[in-house]
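The values are calculated or read from the model by the stated rules, or taken from the named source; none is laboratory data. These numbers come from a predicted model, not from an experiment. Note that each Cβ is placed from the backbone with ideal geometry, even for glycine, and that neighbours are counted across all protein chains shown. When the accessible area is computed, the model is the full protein with side chains, heavy atoms only, and any ligands, DNA or RNA have been set aside. Shrake-Rupley method; radii C 1.70, N 1.55, O 1.52, S 1.80 Å.
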Amino acid sequence: MKRYFEYGETEMTYLQERDPQLGKVIQRIGIIRREITPEPFIALISSIIGQQISNKAAETVWNRFVHRVEEVTPARIAATPVEAIQACGMSNRKASYIKGIAEAEVSGKVIFEELHTLPDAEIIRQLTSLRGVGVWTAEMLLIFSLCRPNILSFNDLAIRRGLMTLYRLKTLTREQWKVYYERYTPYASVASFYLWEIAHENEAGD
């Protein structure tokens with residue numbers, strides 16, 4: 001059964017009142033349903049597999065990977081040779097990242113089941129200590145697994161494009177981004193959904 005990031009009138013009304021320009025977009029589009037993966041360990045492994053390949057290719061590799069390990073758990077993956085993970089259709093580097101993430105859980109370096117108890121910054125710190133996991137990947141996990149409400153990624157190109165399109169900016173500095181982030185707080189993740197949609201519409205229009 002699919003699960004989605006939950007938000008509604010409270011978040012939408014707040015953003016509309018805080019930012020009339022974004023508010024017009026929210027009113028036009030309505031609720032955006034974004035699927036989530038509630039288990040952060042599985043979400044991160046899936047994210048690593050999907051890096052820099054198409055959704056279709058990622059699905060194929062993921063299905064092979066699941067068939068190979070039988071159960072996507074830290075213990076099963078840690079016990080699987082890197083070569084066997086790579087044989088599912090990914091680079092040796094990706095396979096090493098995946099095995100390393102599993103070993104981090106097994107060793108207690110990162111306890112994925114406890115991430116939901118930690119503040120955003122600490123989750124990012126822990127995840128980015130793992131090889132292959134950058135700030136953007138950690139931020140996406142915060143939204144699409146842990147459903148954190150206040151994430152606006154400066155590291156996301158589409159978010160920056162959405163902001164630049166909405167406010168007719170030729171460039172976007174981190175200082176400008178911070179102004180918008182503070183404007184959207186505490187519901188910046190919901191604002192992100194609409195900025196992604198703006199960027200997508202603009203790209204389709206081009």
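Identify all residues within region 155-166 that are under 13 Å from the mean Cα position of the chain (by Cα) and either buried (at least 18 other Cβ atoms within 10 Å of the Cβ) or not hydrophobic (A, V, I, L, M, F, W, C) (or both); write none if there are none. Passing the criteria: Asn155, Asp156, Ile159. With the condition kept exactly as written, say whether any residue in region 2-14 is modelled with pLDDT under 95, in contact with an Asp or Glu (Cβ under 7 Å, 6 or more places away or on another chain) and either over 21 Å from Glu197 (Cα atoms) or not aliphatic (A, V, I, L, M) (or both). Yes, because at least one residue in region 2-14 is modelled with pLDDT under 95, in contact with an Asp or Glu (Cβ under 7 Å, 6 or more places away or on another chain) and either over 21 Å from Glu197 (Cα atoms) or not aliphatic (A, V, I, L, M) (or both). Checking Glu105, Glu122 one by one, the residue that is in a helix (DSSP H, G or I), surrounded by fewer than 20 Cβ atoms within 10 Å (Cβ to Cβ) and among the acidic types (Asp, Glu) is Glu122 and no other. Within region 83-92, the set of residues being buried (at least 16 other Cβ atoms within 10 Å of the Cβ) and in contact (Cβ under 8 Å) with a residue 12 or more places away in the chain comprises Ile85, Cys88, Gly89, Met90. Within region 1-57, being open to solvent by 70 Å² or more (accessible area, probe 1.4 Å), part of a loop (DSSP other than H, G, I, E, B) and closer than 14 Å to Leu146 by Cα holds for Glu6, Arg34, Glu39.
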